[in-house]
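Asker: Have a look at the structure that comes next, please.
The values are calculated or read from the model by the stated rules, or taken from the named source; none is laboratory data. These numbers were taken from a predicted model, which means no experiment stands behind them. Here Cβ is always computed from backbone atoms with ideal geometry, including for glycine, and neighbour counts include all displayed protein chains.
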Amino acid sequence: MILRSFRKLAGYPVECAIKAYIAKQIRKYQFPEGSEKAKQIYTHNLKDLIKVAGLSDQFQKEARLGNSWVH
């Protein structure tokens, strides 16, 4: 139980970092509300966020890192 809670809390900074990475790729005023990409980003699922950010290949290369954070 404690490990699950810790993993959830530790995942928040990872989620924020991935969302910041996505935001950095978007230009000002380029992101209209209701767009498909906006809908994909409004999630807490790290696997989905990694796909949207285009980091899937990187996480697969670093399999040890990916397995640690994405469950």
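Asker: Considering region 21-54 alone, what residues qualify as being at pLDDT 90 or above and more than 9 Å from the chain's Cα centre (by Cα)?
Answerer: Matches in region 21-54: Gly54 only.
Asker: Here is a follow-up. So which residues in region 1-26 are without any contact (Cβ under 8 Å) to a residue 60 or more places away in the chain and among the basic types (Lys, Arg), if there are any at all?
Answerer: Scanning region 1-26 gives Arg4, Lys8, Lys19, Lys24.
Asker: Right, another one. Between residues in region 37-60 that are over 21 Å from Arg7 (Cα atoms) and residues that are assigned to a helix (DSSP H, G or I) and of a type in the set (A, V, I, L, M, F, W, C), which pairs lie under 7 Å by C-beta distance while being six or more apart or on different chains?
Answerer: Short answer, once both residue conditions are applied: Lys37/Val52; Gln40/Val52; Val52/Ile22; Val52/Ile41; Ala53/Ile18; Ala53/Ile22.
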